[in-house]
Amino acid sequence: MECDEGIGEREAQLSYYGAPAMRPKRRREIFMTPAELAIAGESLYGSQWRTPLSKALKVGTRVIRYWERGERRIPEAIAMQIRQVSDIGPIGLIIRSSVRRAAPELSRSQSHQIAIQVLADLSSAGII
C-alpha cells in the first residue's frame, strides 16, 4: 500500500468534524494616510487645523503631529470618525461654500456644521 504524501496535508486542513478547516477571516484594517488627515483637517478647520481637530478628537496636538508626519498610525476608530465628519459629498461642499460666501464671519468649522445640518434636513425631507 502506497502512502500518498498529500494525505497528511489534507488531514491538516480538515477540522475536527472532517470539514475543511476555516481560516479566520482577516479583518481589513481601515488606514488613514497622513495626507488624508491633512486634507480632512484643512477642509474642516482651514490652515490652522491641528489644534481644533485635536480638541474635537480629544487628543493632544502632539499626537496629531505624530499622525501628520506618519510617525504613528492613525487608529481605525479615529480615522472613521474623521472621515464621517469631513466627508459631506459634493452637495455638502456646495452648501458649505455658499454658507462661507453668505456669512464670511463664520469659521470653516461652523460653515461645515451648517452644511451637515442642511444635508440632514434635505435628506429627511426626501429631497436628496
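Here are the numbers:
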| read-out | value |
| --- | --- |
| Answer from ARG65, ARG72, ARG83, ARG101 - the residue that is modelled with pLDDT of 95 or more, at negative phi, among the charged types (D, E, K, R) and within 17 Å of the chain's Cα centre (by Cα) | ARG72 |
| Pairs where the first residue, in the stretch 32-49, is within 16 Å of ARG100 (Cα to Cα) and the second is of a type in the set (Val, Ile, Thr), C-beta under 8 Å, 6+ apart | LEU44/VAL85 |
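The values are calculated or read from the model by the stated rules, or taken from the named source; none is laboratory data. As the structure is a computational prediction, the values presented were derived from the model and not from experiment. With ideal geometry, Cβ positions are generated from the backbone for all residues, glycine too; neighbour counts draw on all protein chains shown.
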